[in-house]
Amino acid sequence: MQEAPGLRHLAHLDVELAAPIELGDSPRGRRRIIPIIGGTVTGERLSGEILNLGADWQTVLSDGTAELDTRYAMRSHDGASIDIRNFGYRHGPKDVLDALGRGEAVDPSLYYMRTQPRFETGDARYAWLNRIVCIGTGARLANGVRVSFFEVL
């Protein structure tokens, strides 16, 4: 039997969001697009800025679970362009989700927000990002999201 893999911190992301564009109800749930308009990436091996380019194509399911489906881009501190695709879920007790929906500050330990980021770049200095597996933990803020990415070792 193999040991469970370890985790190594990759970066913290503070992602700035614009107001959601509500698409309405669909067969799978309430659909909305939340534009990603900027932010910062801070980490020992990966740092830079989130570009004003991308969005979260989100579906809120009937039980209140938010299915997160983001695609956005960053520029590293040394000029590399990196594509980030991040899929995950946010769910929790109804009163907690309602507070998040009103833009209130909520302790992230009161709800579940986990993601699976994937990276792609043609910059040789960051080619290692193309072949690692990561997980993310997140927190919804009034006008943004704070996410921490961890490389699975």
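The values are calculated or read from the model by the stated rules, or taken from the named source; none is laboratory data. Note that the structure is a prediction, hence the values are computed from the model and not measured. Heads up, the Cβs are rebuilt from the backbone with ideal geometry, glycines too, and the neighbour counts pull from every protein chain shown. Heavy atoms of the whole protein, side chains included, go into the accessibility calculation; ligands, DNA and RNA do not. Shrake-Rupley method; radii C 1.70, N 1.55, O 1.52, S 1.80 Å.
The 3J(HN,Hα) values that the Karplus relation (6.51, -1.76, 1.60; θ = phi - 60°) gives for segment 135-144 are, in residue order, 10, x, 10, x, 9, 8, 10, 4, 10, x Hz. Gly and Pro appear as x. Normalised per residue, the accessible area of the chain is 57 Å², obtained with a 1.4 Å probe and no contribution from ligands, DNA or RNA. 3J(HN,Hα) couplings calculated from phi for segment 19-31 with the Karplus curve 6.51 cos²θ - 1.76 cosθ + 1.60 (θ = phi - 60°) are, in sequence order, 4, x, 9, 7, 9, x, 7, 10, x, 8, x, 7, 9 Hz; Gly and Pro show x. When +1 charges are put on Lys and Arg Cβ atoms and -1 charges on Asp and Glu Cβ atoms, the dipole computed for segment 3-153 relative to its Cα centre reaches about 220 debye.
When each of the peptides 1-11, 136-146 is scored by the mean number of other C-beta atoms lying within 10 Å of its residues, the order from highest to lowest reads 136-146, 1-11. Per Stokes-Einstein, at 20 °C and 1.002 mPa s, what whole-number D in µm² s⁻¹ belongs to segment 85-140, with the Kirkwood radius over Cα pairs as the hydrodynamic radius? After rounding, the answer is 164 µm²/s. Roughly to the nearest percent, how much of the accessible area of segment 31-123 is carbon and sulfur, given a 1.4 Å probe? Result for segment 31-123: 49 percent of the exposed heavy-atom area is carbon or sulfur. Net charge in the neighbourhood of ALA142 (other residues with Cβ under 13 Å of its Cβ; Lys, Arg +1, Asp, Glu -1) is 0.
For the chain, what log10 I(q)/I(0) values come out of the Debye formula at q = 0.18 1/Å, with one point per alpha carbon and no solvent? Here log10 of I(q) over I(0) equals -1.09. Result for the chain in a Gaussian network model with C-alpha springs under 10 Å: among HIS12, HIS91, HIS77, the largest mean-square fluctuation is at HIS77. Note on segment 34-106: percent of Cα-Cα distances in each 10 Å bin, starting at 0 and stopping at the bin with the largest distance, equals 18, 38, 31, 13, 1. The string of couplings for segment 83-93 from the Karplus curve (6.51, -1.76, 1.60, θ = phi - 60°) is 8, 10, 10, 9, 10, x, 9, 10, 8, x, x Hz, one whole number per residue in order, with x for Gly and Pro. For segment 107-149 versus segment 15-30, the spacing of their alpha-carbon centroids is 20 Å.
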